[in-house]
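J.: I have a structure here, written as structure tokens, and I will follow up with some questions on it.
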Amino acid sequence: MSSFFIKKRVISAAVNKGDLKRKSNADDGKGRPKKFNKRADEEISSDSENESAEPSRKQQDNEDDEIEETPQEKKLRLAKLYLDQLRDEEDKKAEEESFEADLIAGRLQDDLLEQKGKLQRLIAKDLIAPDPEEVRLLRGHKLSVTCLVITPDEKYIFSASKDCSIIKWEAESGKKVHKIAGGRKGTEERHVGHTAHVLCMAISSDGKYLASGDMNKLVMIWDPVTCKHLYKFVGHRGPVSGLAFRRGTHTLYSASHDRSIKVWSVDENAYVETLFGHQDMITGLDCLSRERCVTAGGRDRTVRVWKIAEESQLVFHGHEGSIDCVQLINEEHMVTGGDDGSISIWTVNKKKPVSTVKKAHGSHGNTGLEQPYWVSSVAALHNSDTVASGASGSHNSAVQLWKCGQGFRGLEPLFSIPVTGFVNSLKFSNSGKFLVAGVGQEHRLGRWWRIKEAKNGLYIIPLKRQAKEQEVVQ
């Protein structure tokens with residue numbers, strides 16, 4: 001058997017190439033002849049086939065090179081990638097942490113300055129006067145608007161009027177959300193709400209309680225969300241002219257024409273104590289986070305800071321006429337306005353004003369008999385260098401914005417927004433994005449004269465800024 005196969009191999013090797021070609025075309029069988037066919041085909045393939053085969057060989061070689069990576073090399077490569085990724089993440093984390101640390105340090109510094117009453121954000125220089133068409137007027141009260149508050153989230157505005165009503169407005173759209181109707185005189189027992197002119201309002205810093213005071217000596221507490229009546233505080237012997245919540249608490253301070261200040265705990269629906277000292281009816285009151293409040297004493301021409309815990313008071317003199325309004329700028333500084341037409345900036349460390357602008361809104365009358373326009377309302381953007389004032393009783397009165405100098409020394413006019421009527425109330429939003437003015441045909445505390453052309457309502461004044469960055473000075 002073995003010799004037979006040897007002979008066959010020798011014979012097949014002697015076959016010429018032409019026979020091989022013919023045999024390969026004719027043979028469809030399996031086995032050795034097929035291998036010869038492949039070799040023969042490879043030998044006689046054309047140049048074009050060789051050219052097309054070269055790229056495929058290169059591709060195969062490249063694939064072989066890629067596959068040639070050993071498991072150890074792969075592990076090393078992946079380990080390097082992982083280390084690079086970790087390094088990038090750590091660098092990014094370190095950057096974020098340093099940024100957060102800077103933010104926290106800045107926030108702590110601001111909080112410390114705020115507690116000391118020395119924080120002054122310099123934003124006045126960036127404010128731009130709004131275009132007249134950007135100022136919106138919200139109308140809904142039948143009589144003069146006397147007071148207003150803005151909710152801490154700046155979504156809603158509450159306004160009150162001599163028509164005894166309170167209206168809740170949506171700040172962005174200007175829509176009327178709810179109205180607490182006023183009642184007629186003599187319906188006090190059955191009417192839920194005010195039956196006399198509402199003179200003042202306040203809202204707690206968490207937005208949980210709304211307080212309102214009226215000519216009937218009453219203080220009423222409301223739920224700002226549902227506008228439902230909660231409590232009624234009785235005790236004052238004269239019209240309630242000022243209200244303020246202590247920040248971060250539900251302690252309420254109320255001031256009255258009976259020359260006293262009362263302290264209330266709204267959570268407990270309880271009276272706490274009464275403070276005496278003013279020699280005339282109190283016209284305004286304000287409070288921030290310290291356990292103290294500041295009041296304007298009307299015709300006794302004094303501003304008083306009441307230290308509740310120490311049971312003491314600081315008395316300040318400076319205006320030549322009745323002091324009708326007061327607002328705290330920070331814990332150490334305040335701004336006042338009076339019927340002598342002047343605006344004054346005060347610090348608790350000095351008995352006299354740090355700076356005063358006389359005839360802040362101009363004067364009227366014949367030559368030699370000029371009388372200044374009353375300053376009926378003031379507002380301060382807390383912990384900043386920006387204050388606002390509103391004048392009374394002129395056809396061309398305006399809301400004036402002012403820039404406080406460094407250390408609150410000096411007042412420079414920024415721009416004014418023309419308003420017809422008595423500007424009875426002014427409030428900045430917490431962020432300083434807008435200012436709201438409550439305007440009426442009459443002064444909030446009386447009916448000395450009336451401007452028929454004035455529109456009873458709220459003017460929402462947007463405050464645009466040139467630059468976003470804010471400077472802070474100590």
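The values are calculated or read from the model by the stated rules, or taken from the named source; none is laboratory data. Since the model is a prediction, treat every value here as computed from it, not as a measurement. All Cβ positions, even for glycine, are placed from backbone atoms using ideal geometry, and neighbour counts span all protein chains on display. When the accessible area is computed, the model is the full protein with side chains, heavy atoms only, and any ligands, DNA or RNA have been set aside. Shrake-Rupley method; radii C 1.70, N 1.55, O 1.52, S 1.80 Å.
J.: Just give me the residues in segment 373-424 being open to solvent by 10 Å² or more (accessible area, probe 1.4 Å), assigned to a strand (DSSP E or B) and either free of Cβ contacts under 8 Å to residues at least 40 places away in the same chain or not hydrophobic (A, V, I, L, M, F, W, C) (or both), in sequence order.
T.: A398, Q400, K403, E412, P413, S416, P418
J.: Now for a different question. Taking the residues in segment 443-471 that are open to solvent by 40 Å² or more (accessible area, probe 1.4 Å) and touching a helix residue (DSSP H, G or I) at 6+ places or on another chain (Cβ under 6 Å) as candidates, determine which candidate is modelled with the highest pLDDT.
T.: R465
J.: Hey, another quick one. Hey, can you tell me all the residues within segment 241-269 that are closer than 12 Å to V219 by Cα and either surrounded by fewer than 23 Cβ atoms within 10 Å (Cβ to Cβ) or not polar (S, T, N, Q) (or both)?
T.: Once the filter is applied, which keeps residues that are closer than 12 Å to V219 by Cα and either surrounded by fewer than 23 Cβ atoms within 10 Å (Cβ to Cβ) or not polar (S, T, N, Q) (or both), segment 241-269 yields G242, L243, A244, L252, Y253, A255, K262, V263, W264, V266, N269.
J.: Looking at (1) without any contact (Cβ under 8 Å) to a residue 12 or more places away in the chain; (2) crowded, with 17+ Cβ neighbours inside 10 Å, can you tell me which one G368 breaks?
T.: With (1) without any contact (Cβ under 8 Å) to a residue 12 or more places away in the chain; (2) crowded, with 17+ Cβ neighbours inside 10 Å applied to G368, the lone miss is (2).
J.: Regarding segment 224-243, can at least one residue be identified that is among the small types (G, A, S), under 24 Å from the mean Cα position of the chain (by Cα) and not in a loop (DSSP other than H, G, I, E, B)?
T.: Scanning segment 224-243 turns up no residue that is among the small types (G, A, S), under 24 Å from the mean Cα position of the chain (by Cα) and not in a loop (DSSP other than H, G, I, E, B).
J.: Could you check segment 374-418 and list, in sequence order, the residues that are closer than 20 Å to I150 by Cα and over 25 Å from the mean Cα position of the chain (by Cα)?
T.: Answer for segment 374-418, where residues must be closer than 20 Å to I150 by Cα and over 25 Å from the mean Cα position of the chain (by Cα): just S376.
J.: Of everything in segment 336-364 that's within 20 Å of L401 (Cβ to Cβ) and in contact with a helix residue (DSSP H, G or I) (Cβ under 9 Å, 6 or more places away or on another chain), which residue is surrounded by the fewest Cβ atoms within 10 Å (Cβ to Cβ)?
T.: Result: S355.
J.: Residue check, G297 against (1) without any contact (Cβ under 8 Å) to a residue 40 or more places away in the chain; (2) open to solvent by 10 Å² or more (accessible area, probe 1.4 Å); (3) not polar (S, T, N, Q), all met but one. Which one?
T.: Every condition holds for G297 apart from (2).
J.: Filter segment 309-331 down to the residues that are touching a residue at least 24 places away in the same chain (Cβ under 8 Å) and open to solvent by less than 30 Å² (accessible area, probe 1.4 Å) and list them by number.
T.: F316, H319, S322, I323, D324, C325, V326, Q327, L328, I329, N330, E331
J.: Still on this structure, I have one more. With the structure loaded, tell me whether S212 is open to solvent by 20 Å² or more (accessible area, probe 1.4 Å) and either in a loop (DSSP other than H, G, I, E, B) or under 24 Å from R447 (Cα atoms) (or both) or whether it fails that test.
T.: no
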